[in-house]
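Chemist: Just dropping this structure here.
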Amino acid sequence: MAQKMRPVADVVFAGWTPTPASPATHFDKLDETVRDDTDFTTSPSAPDGTQPLTIELTAVQDPLTSVGYFWKYVLAKNLSGGATVNVLVELLEGSTVRSSQTHNDIPSTPTEFTLTPTPVEADSIVDHTVLRLRFTPTQV
């Protein structure tokens, strides 16, 4: 049976700015069932890889399979800055990294990306109630 996870809480967000500013949380800018590019959260200016955004996901039951896992998200950079920005996206189980992917030179237009763990990475998840996504941007 398919299970959907949505952001439910901010974990780490120092330096990030939510749009719109109220409420001043980040997870609710990312939890759409239908994509909406008018609400989002922005990393610190000239990110250096030291200020990640970590979002807690809804708890789900172990799907008892190692295939079919994926997480979708939208990334974009501020075109006026003109810099190259890479974003490391990590699936965490608590504080343990279970899967990761780096998106190099993200575009200036909001673009959907997908993190798909390998079957071995999916099998390494023990507790599906403590999953998180961490986004770490770096200007290069």
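Chemist: Scan segment 43-54 and give yes if some residue there is under 20 Å from V126 (Cα atoms) and touching a residue at least 60 places away in the same chain (Cβ under 8 Å), otherwise no.
Modeler: Checked segment 43-54: at least one residue is under 20 Å from V126 (Cα atoms) and touching a residue at least 60 places away in the same chain (Cβ under 8 Å).
Chemist: Return only the number of the condition from (1) of a type outside the set (D, E); (2) assigned to a strand (DSSP E or B); (3) closer than 18 Å to Q139 by Cβ that I106 does not satisfy.
Modeler: That leaves (2) as the condition not met.
Chemist: Which of the residues that make up segment 120-131 are farther than 15 Å from Q3 by Cα and not in a loop (DSSP other than H, G, I, E, B)?
Modeler: V120, E121, D123
Chemist: If you check V60, V89, V67, which single one turns out to be of a type in the set (A, V, I, L, M, F, W, C) and more than 18 Å from P7 (Cα to Cα)?
Modeler: Testing whether each residue is of a type in the set (A, V, I, L, M, F, W, C) and more than 18 Å from P7 (Cα to Cα) leaves just V67.
Chemist: When you go through (1) in contact with an Asp or Glu (Cβ under 6 Å, 6 or more places away or on another chain); (2) under 17 Å from I125 (Cβ atoms); (3) not hydrophobic (A, V, I, L, M, F, W, C) one by one for K29, which number turns out not to apply?
Modeler: K29 satisfies all of (1) in contact with an Asp or Glu (Cβ under 6 Å, 6 or more places away or on another chain); (2) under 17 Å from I125 (Cβ atoms); (3) not hydrophobic (A, V, I, L, M, F, W, C) except (2).
Chemist: Among T114, T65, which is out of contact with any Ser or Thr (no Cβ under 9 Å at 6 or more places or on another chain), assigned to a strand (DSSP E or B) and surrounded by fewer than 18 Cβ atoms within 10 Å (Cβ to Cβ)? Can you show your working first?
Modeler: Values: T65 fails: assigned to a strand (DSSP E or B).
Within the list T114, T65, the selection yields T114.
Chemist: Also: For S95, all conditions in the list (1) modelled with pLDDT under 95; (2) loosely packed, with under 13 Cβ neighbours inside 10 Å; (3) not charged (D, E, K, R) hold save one; what is the number of the exception?
Modeler: The single condition S95 does not satisfy is (1).
Chemist: So which residues in segment 6-25 are in a strand (DSSP E or B) and either under 19 Å from S45 (Cβ atoms) or of a type in the set (A, V, I, L, M, F, W, C) (or both)? Spell out how you get there, then give the answer.
Modeler: Of the residues in segment 6-25, the ones in a strand (DSSP E or B) are 7-12, 17-19.
Of everything in segment 6-25, those that are in a strand (DSSP E or B) and either under 19 Å from S45 (Cβ atoms) or of a type in the set (A, V, I, L, M, F, W, C) (or both) turn out to be V8, A9, V11, V12, T17, P18, T19.
The values are calculated or read from the model by the stated rules, or taken from the named source; none is laboratory data. No experiment lies behind these values; they were computed from the predicted model shown. Positions of Cβ are generated from backbone atoms using ideal geometry, with glycine treated the same way; all protein chains shown enter the neighbour counts.
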